[in-house]
Structure formats: C-alpha cells, structure tokens
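A short write-up of the structure that comes next.
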Amino acid sequence: MIDRDGILAWLRETDPTRLSRLYRRADAVRREHVGNEVHLRGLVEVSNHCVRRCAYCGIAATNDGIERYRMTEEEVLACARQAVELGYGTLVLQAGEDYGLTREGVSSMVRAIKRETGLAVTLSLGERPEEDLVAWREAGADRYLLRFETSDAALYQAIHPAMPGRPDRFAILGRLAVLGYEVGSGVLVGIPGQTWESLANDLLVFRQLDLEMIGVGPYIPHPATPLGSGRFPVAPEGEQVLADEETTTKVVALTRLVRPDANIPSTTALATLDPSWGRERGLLRGANVVMPNLTPPAYRQLYEIYPGKACVNETAEACGSCLPNRIRMIGRVPGKGPGGRRRTVASGALSSVLG
Ligand code: 5AD
Ligand code: FES
C-alpha cells in the first residue's frame with residue numbers, strides 16, 4: 001500500500017515517463033474496482049446567494065459586484081425532467097450557503113424531484129445546521145457533497161472565515177454519514193500557501209475517511225476575491241503546490257490508489273484548464289464520473305465561483321449530446337442508473353470514524 005513518502009514522491013515527480021506509470025496504475029485500479037461506466041451527474045446551480053466569505057470563491061458574500069439569483073422549485077423541476085431526457089441518473093443541487101433556500105423549500109424540492117423522476121438526488125448546499133440535513137434526508141436526498149478543501153488547519157482558517165459556534169467540516173461529514181447520506185468531499189489543488197506536504201496529508205485523510213465520493217479540482221484565481229487579488233502569500237519556492245492540470249490529475253490518480261472503489265469525478269475546473277482534453281485526461285487517470293451542467297444559461301453565467309468555467313456558454317442539450325460521445329471516444333461507457341458507490345474494499349464506515 002502506498003505510504004506518505006510514496007505519495008509525496010509522486011506529487012513531486014516531474015518525469016513524464018515515470019508519471020505515465022502512475023496514471024496507468026490508477027487507470028487499472030479504476031477499471032478493476034468501478035469498471036468502464038462513467039456516471040453522469042446533472043448539475044443544477046440552484047442559487048448563487050451565499051452568507052460565507054471563503055477567500056477563493058467568486059460568489060462569496062464579500063463580492064458585491066455580482067447579480068444574485070435563486071431558482072424556483074418549478075425551474076429546478078424542469079432541469080430534473082431534462083436530466084431524465086438526457087439519460088442522467090443523478091441530479092446534483094448545488095448553491096452557496098443560502099438560507100433563502102429554506103429547510104422546507106429544499107425538502108419540498110427534493111420530494112418533488114423524487115416523486116416525479118426517481119432520480120438520485122445529491123445536495124451540495126454548504127455547512128447547513130443538523131436539522132436541515134435531517135429534514136432533507138427524510139425528504140429523500142441520497143447524497144451530500146462538502147469538500148474539506150484542505151486538511152491544513154492553519155491554511156483552512158486563513159481562507160475560510162468560520163461562523164461562530166458551528167461544527168467543523170469533518171464533524172459535519174461524520175454526521176452526514178450517520179444520517180445515511182452517501183458522503184462526498186474533496187480538496188482544492190494549488191491554493192496559495194498549500195504545500196506538497198499538506199497535499200500528501202489530504203490524500204492520507206482520503207484514505208482514512210470512508211468517503212463515497214471524492215472530488216478534486218485545481219484552484220482557479222477569481223479576480224474579485226481576496227485570494228485571487230494576490231494578497232495572500234504563497235509557500236516557499238519548491239514547496240508551493242501548482243494549480244495545473246498535471247498536478248490535479250496526479251491527485252486524481254493518487255486518490256484512486258488510496259480509495260479504489262470511490263466515485264471520483266473529472267471536475268469542471270479541470271476541464272476549464274484544458275477545454276479540449278482536460279475532462280478526458282481526468283477520466284483516463286482514475287476518475288469515473290462527470291457532472292454535466294443543467295443550469296439554465298442565464299443563471300449559469302452568474303454562478304461564477306471561478307472565471308472561464310468550461311461549457312458556460314453551452315446549453316444542457318449540447319453537453320448532453322457531447323459528453324456521451326467524449327466518453328465513448330476514450331473507450332468508456334456512459335453509465336445508466338443512479339451509479340451509487342458499490343463497496344469493493346472493506347473498511348470502517350465513515351460514520352464510525354467521524355460520527
Ligand atoms: N477555483 C476552483 N474551485 C473553486 N471552488 C470554489 N472556488 C473555487 C475557485 N476559485 C470549489 C470549492 C468548492 C466547490 C463547490 O468549488 O472546492 O467546494
Ligand atoms: Fe459541454 Fe461538450 S461537454 S459541450
């Protein structure tokens with residue numbers, strides 16, 4: 001089993017021939033444990049309102065230069081119907097931490113989606129109070145995504161102002177598992193101040209936590225954020241993690257090695273770095289999920305967590321016909337059905353590690 005030194009050596013590796021060995025190994029482990037299906041998760045960016053002040057994020061409360069929107073239940077349901085038409089098995093509802101999306105409002109949305117479409121429903125709505133998470137699970141939500149962003153506590157605190165009295169993200173992840181959600185988390189790659197050592201620790205955390213889904217993407221500077229304005233220090237020369245495609249796909253590959261049966265997306269942020277081949281490269285180096293955007297075009301532009309987001313000017317139909325072709329082109333199969341995690345390696349459940 002790969003240890004911390006092994007992980008660190010791969011993260012620092014620059015030789016393309018040696019790296020291709022890592023990628024081949026990750027691809028083989030991916031095939032053995034989760035097969036050739038690539039699951040399609042339709043993403044609906046339900047609201048760009050947010051009460052939090054994450055220093056990297058373009059829709060943080062601190063950005064007063066953007067127009068804010070919140071979709072209605074009927075608009076979200078229209079996206080759900082489209083997901084069914086396009087053959088997706090899962091709908092992901094993502095938003096800033098927006099209390100205008102009320103406990104009851106989201107519950108009603110989830111119930112309507114389940115009643116009308118039967119799609120698997122994933123929520124990604126931030127660090128909401130326990131009562132909300134309980135209600136949404138009861139309403140039928142299947143999964144929840146909450147990245148811990150970095151396991152370096154000092155770096156996390158510097159870029160992620162806390163809300164007083166709130167549990168930390170690891171505690172929330174444990175509670176989500178206890179409530180019966182399939183739980184997803186992940187990190188940003190190349191945050192200013194992030195070191196190779198701390199990124200190696202992130203991968204050890206992935207190994208320790210029994211997450212069903214692990215998403216990693218490059219940090220992309222947004223000019224209207226404190227982090228994007230260059231006011232944060234970077235790590236010393238040679239220690240700063242690069243926010244590039246190679247580093248991100250190394251992390252995808254290593255994530256596959258430490259969590260062979262997890263669902264791992266090839267992220268939109270990765271596709272943003274290289275629109276022509278970034279998503280495919282992620283899929284060829286360990287990933288088995290993609291998240292086509294279903295957000296209506298007018299809102300899509302406004303959900304700018306980072307600039308230049310891939311497919312921002314496309315329609316849901318365009319991505320819906322493009323992506324399955326891209327998947328077939330690299331010899332894989334567009335997934336059918338909800339594509340939940342099927343355990344192939346024994347490990348302690350997240351609820352017992354963190355709950
Ligand atoms: N660049 C890349 N990813 C970002 N996210 C937020 N801001 C950025 C950015 N500037 C990611 C965070 C969050 C996810 C929804 O989007 O990791 O968890
Ligand atoms: Fe969006 Fe190809 S995936 S157009």
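Just a few scattered comments:
- Compactness relative to 2.2 N^0.38 Å, alpha carbon Rg of the chain: 0.92
- Cα Rg, Dmax, region 232-355, angstrom units: 16.8, 47
- Helical content alone sets the calculated 222 nm signal of the chain at -12000 deg cm²/dmol, taking -39,500 (n - 2.57) per DSSP H segment of four or more residues and averaging over every residue.
- Overall, the accessible surface of the chain at a probe of 1.4 angstrom is composed of carbon and sulfur to the extent of 54 percent.
- Taking the chain as a Gaussian network of alpha-carbon nodes connected by springs under 10 Å, the highest mean-square fluctuation of the residues Arg328, Arg143, Arg169 belongs to Arg328.
- Förster radius 22 Å - calculated FRET efficiency between Phe170 and Thr344, Cβ distance, rounded to 0.05: 0.35
- The label point for Glu67 and the one for Arg231, both projected 7 Å from the Cα toward the Cβ, are 2.7 nm apart.
- Val134 accessible area, assembled protein chains, probe 1.4 Å, Å²: 40
- Database remark: amide H of Val92 closer than 5 angstrom to the amide H of Gly42, Leu43, Val44, Thr122 (H placed geometrically; neighbours at sequence offset of 5 or more, or on other chains; Pro and chain starts carry no H).
- Temperature 25 °C, viscosity 0.890 mPa s: under these conditions the Stokes-Einstein estimate for region 280-351, based on its Kirkwood radius over C-alpha pairs, is 166 µm² per second.
- Choice from Val121, Val333, Val76 with maximal GNM fluctuation in the chain (Cα, 10 Å cutoff): Val333
- Heavy-atom surface of the chain, accessible at 1.4 Å and reported per residue (Å²): 40
- Protein-only accessible surface order, largest first, of Glu130, Glu67 at 1.4 Å: Glu67, Glu130
- Among Tyr23, Tyr56, Tyr99, the largest mean-square fluctuation in a Gaussian network model of the chain (Cα springs under 10 Å) belongs to Tyr99.
- Per-residue 3J(HN,Hα) values for region 140-153, derived from phi via the Karplus relation 6.51 cos²θ - 1.76 cosθ + 1.60 with θ = phi - 60°, read x, 4, 9, 9, 9, 10, 8, 5, 8, 6, 7, 8, 7, 4 Hz in sequence order (x marks Gly and Pro).
- Sorted largest first by accessible area at a 1.4 angstrom probe radius, with every protein chain in place, the residues Glu13, Glu116, Glu237 fall in the order Glu237, Glu116, Glu13.
The values are calculated or read from the model by the stated rules, or taken from the named source; none is laboratory data. Since we're looking at a predicted model, the values are computed, not measured. No Cβ is skipped: glycine too gets one built from the backbone with ideal geometry, and neighbour counts run over all protein chains shown. Protein only, heavy atoms only, side chains kept; ligands, DNA and RNA dropped before computing areas. Shrake-Rupley method; radii C 1.70, N 1.55, O 1.52, S 1.80 Å.
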